[in-house]
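Reviewing the structure listed below.
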Amino acid sequence: MLYTSDKRVLLDGIFESAENITYDELREYLPEASEIVGSIDKKDVPIVAAALASNPHYLITGNQRHFSRLENDREIKILSPSKFLENIRRTFQKFDTDIYI
């Protein structure tokens, strides 16, 4: 079982590995992001630009459909929050540790 303090350590680790992107860094990727998003939802352009700038392993979103080109073109795994947590659970199970989030 993963205790509350362990959950905090897990979340802290996730947040520590997060990368901050400045607008100047982001601006370079806006044209490509706009092309990827197309006419789906223009509000997604900054999110896609940040993903292009940071090249993450995962993009966690409740709207996977809008970001499918990132997964196909850039090999960024697009996961829902519940699927991401499921992956964490499976990782802990490999170490024979129960986790309840």
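Scanning segment 24-38 for residues that are without any contact (Cβ under 8 Å) to a residue 24 or more places away in the chain and part of a helix (DSSP H, G or I) turns up Asp24, Arg27, Leu30, Pro31, Glu32, Ala33, Ser34, Glu35.
Can you tell me which of Ser34, Ser80 is hydroxyl-bearing (Ser, Thr, Tyr) and under 11 Å from the mean Cα position of the chain (by Cα)?
Details: Ser34 fails: under 11 Å from the mean Cα position of the chain (by Cα).
That would be Ser80, the only listed residue that is hydroxyl-bearing (Ser, Thr, Tyr) and under 11 Å from the mean Cα position of the chain (by Cα).
When the residues of segment 46-88 are narrowed to those that are among the basic types (Lys, Arg) and modelled with pLDDT under 85, which ends up farthest from Thr22 (Cα to Cα)?
So the first thing to find is which residues in segment 46-88 are among the basic types (Lys, Arg), and the list is 65, 69, 74, 77, 83.
With the extra rule that they be modelled with pLDDT under 85, the set shrinks to 65, 69, 74.
Details: Arg65: 26, Arg69: 23, Arg74: 21 Å.
Going through the qualifying residues, I end up with Arg65.
Within segment 1-38, the residues that satisfy the criterion of being among the acidic types (Asp, Glu) and either farther than 22 Å from Leu85 by Cβ or crowded, with 16+ Cβ neighbours inside 10 Å (or both) are Asp24, Glu25, Glu28, Glu32, Glu35. Are any residues in segment 39-82 exposed (fewer than 14 other Cβ atoms within 10 Å of the Cβ), touching a Ser or Thr at 6+ places or on another chain (Cβ under 9 Å) and part of a helix (DSSP H, G or I), and if so, which ones? Within segment 39-82, Lys42, Pro81 meet the criteria. Restricting Thr97, Thr91 to residues that are surrounded by fewer than 13 Cβ atoms within 10 Å (Cβ to Cβ), in a loop (DSSP other than H, G, I, E, B) and either modelled with pLDDT of 85 or more or of a type outside the set (A, V, I, L, M, F, W, C) (or both) narrows the list to Thr97.
The values are calculated or read from the model by the stated rules, or taken from the named source; none is laboratory data. Not measured: the values here are computed from a predicted model. A quick note on method: Cβ atoms are made from the backbone with ideal geometry, for glycine too, and the neighbour counts reach across all protein chains shown.
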